[in-house]
Amino acid sequence: MSIIRLENLSLAYGLKPLLDRVNLSIEATDKLCLLGKNGEGKSSLMSLLTKAAEPDSGAIIFEKSIKVGFLPQSLPAADERSVFDVVAEGLAEVGVLLQGYHSLLQKMNHGELSAIETDRLHALQDQIECVDGWTFQSKISQMLKRFGIDENTQMKALSGGWRRRVLLAKALINEPDILLLDEPTNHLDINTIKWLESRLKEYRGAVLFVSHDRAFIKALASGIIELDRGNITAFNGSYEDYLIEKQKLLEDEERQSKLFDKRLSEEEVWIRQGIKARRTRNEGRVRALKAMRDERKQRIDRQGKTTLKIEDANRSGKQVVEAKNVTHAFADGRKVIRDFSMTIMRGDRIGLIGANGAGKTTLLRILLGQLSPQKGSVKMGSKLEIAYFDQLRDGLDEDKTVFDNVADGHEFVELNGKPRHVISYLNDFLFTAERARTPVRALSGGETNRLLLAKLFSKPANMIVMDEPTNDLDVDTLELLEDKLSEYSGTLLLTSHDRDFLDQVVTSTLVFEGGGRIAEYVGGYKDWVRQTGGELADESTFSPSEESASKATETPSTMVVPEVATVGASSTKEAPKKKLSYKLKLELESLPKKIEDLEAEFANLHEQMADPAFFNQERSAIDNATERLSQLEGLLSEAMDRWVELEEEAGL
């Protein structure tokens, strides 16, 4: 049964049609992946389905009383809101009442409730009772337990992956009939992506998601819908089925275009024949030729593919990097690298796999000589010319244009010994002449990553290092990047959470197994899974591990929250308070001040780094500040977790 229908829907951005009289039907149990190149209008279609935007013409027909849940691409702010309050936002008016009640209840538990606030608490209890709000409060608590998140934790104490979980809980709390997900796996580590996959497989409603993560698409999608030049084409079946059908369509389209252009050329020759031919020409044929000209003029050519060419440098020495007994820890004492030794040879293609915060970027910087290990040694080989793709995009000046970031003060780049104009070169990466004059800060995420690739490949390199290169790239560009890297004869090091990308590109993997242990395995991601079962240690200090999260509740794991009995405020019994040891009591009393100091230092350093003048310092000072900011995040999260833990033990 259709729950959403698009009928002759049109939407344009300027002169470009994003949707051109499209029709689509979404069924109650569909799990559909929405594919399309960057800029084709996928997010615009999501905006229409969430009613955040209106179409130019046509209609979107929703089944009566349908509820829509939405997981946006951007993460929620890392602010002082509690996890409970963020999830309650998904309940509209009831959520506002529950937010107020939850906030006052926390103050009461800490003995900070005034007389006026006590009256307000009682009034909220009555209002919540009238709208059956206690059921929803219980649902929020149960869902957050199932997701392994403490409802009183502040958003600023959570990593990006855990904030993504909170956002998913918010989207699901109203039990939507359809869940819309915009790039849900961006910036998530493999553990969290697999967790998300398992939850969505269990979800009983419809799902429409935008993603470039092919392993995620293969695991979840029961069908593909593709947005291409304003048209939507639906493909039933798996992602592999889609690839086969899509190839057939492209071949048919190319054949039809060639036949059309041949006919048009023949008619153009006919109309230009001599006087004798013109005297006898058929007026109907002339009108047909005019119609063909109009059709050719109106045909929207398929957007070109990015053209990637990697400029090879002179061969490096046979031994590229030698690491001996390298050990490194963060300021909080957590070892991210322990007694690591490895020799990287010319032509090696190595992928780094690990959870967010495991230390992958730290290891790359040590191997590149950008960071000195606390113990051990690193020796760089000879004749190295390194190209580094940085996930933080430090290699780009946001105030400069696309052109200036690549040109570096010149009009030409030298490729394979021949000069080429920068505008022509940027066109290979789908930047028009006009877009090439745009400041970097105005680019989309996909455009920014294409610019990084353009800058990376504009200079010869015999060693390429890529830190999360796949974020925000569309599938076509990803596949082209895979092909070019596979052909590359130099040395390659890369970190990625894109499992398919790793399988296509690397020949061995370094896996962060926890406690600073790093092990090498032959092959890509699937080979590692085959050899070990594929369980990553969760190095994140922001939240409990997946194992502890799964043990937080005995409720069966399911995306649809079961119905529960209505629970009123009076039915909640306080747990008996426990007595802490004198030492633990002192620790608990000291934590608020410690957290306050860490927050102040974090805020001060963050404010300094927000000033453009900050980056005029020496590179070492910038690196030290960046690392300290990361350390502070970890220390703050640990302190928050410890505070919650001790309060729970004390029954507070």
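The values are calculated or read from the model by the stated rules, or taken from the named source; none is laboratory data. Please read all numbers here as calculations on a predicted model, not as lab measurements. Backbone-built Cβ (ideal geometry, glycine too); neighbour counts: all protein chains shown.
A compact table of results
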| read-out | value |
| --- | --- |
| Residue pairs meeting the criteria (Cβ under 9 Å; at least 6 apart or on separate chains; first part of a helix (DSSP H, G or I), in region 452-472; second basic (K, R)) | L452/R393 |
| Test: residue in region 26-38 that is farther than 26 Å from Y242 by Cβ and either in contact with an Asp or Glu (Cβ under 7 Å, 6 or more places away or on another chain) or among the charged types (D, E, K, R) (or both) | no |
| Residue within region 480-490 that is crowded, with 22+ Cβ neighbours inside 10 Å and either modelled with pLDDT of 85 or more or not assigned by TED's automatic domain parsing to the domain that holds V422 (or both) present | yes |
| When residues of region 338-361 are limited to those that are under 25 Å from Y488 (Cβ atoms) and outside any strand (DSSP E or B), the one farthest from the chain's Cα centre (by Cα) | R346 |
| Criterion (of a type outside the set (V, I, T), at pLDDT 90 or above and not assigned by TED's automatic domain parsing to the domain that holds L493) met by exactly one of F429, F403 | F403 |
| Looking only at region 408-424, and only at residues there that are surrounded by 15 or more Cβ atoms within 10 Å (Cβ to Cβ) and at pLDDT 85 or above, the one that is farthest from S458 (Cα to Cα) | I423 |
| Region 188-205, residues that are free of Cβ contacts under 8 Å to residues at least 24 places away in the same chain and under 17 Å from L536 (Cβ atoms) | K194, E197 |
| Any hit, region 352-359, residues being touching a residue at least 40 places away in the same chain (Cβ under 8 Å), within 24 Å of L75 (Cα to Cα) and surrounded by fewer than 18 Cβ atoms within 10 Å (Cβ to Cβ) | no |
| Any hit, region 131-147, residues being exposed (fewer than 14 other Cβ atoms within 10 Å of the Cβ), in a helix (DSSP H, G or I) and either among the charged types (D, E, K, R) or in contact (Cβ under 8 Å) with a residue 60 or more places away in the chain (or both) | no |
| Residue count for region 63-117, restricted to those that are closer than 21 Å to L49 by Cβ and in a helix (DSSP H, G or I) | 4 |
| Residue tally, condition at pLDDT 90 or above and touching an Asp or Glu at 6+ places or on another chain (Cβ under 8 Å), over region 174-218 | 13 |
| Some residue of region 396-404 being buried (at least 20 other Cβ atoms within 10 Å of the Cβ), under 29 Å from the mean Cα position of the chain (by Cα) and in a helix (DSSP H, G or I) | yes |
| Residues (in contact with a helix residue (DSSP H, G or I) (Cβ under 8 Å, 6 or more places away or on another chain) and assigned to a strand (DSSP E or B)) located in region 224-246 | I224, E226, L227, T233, F235 |
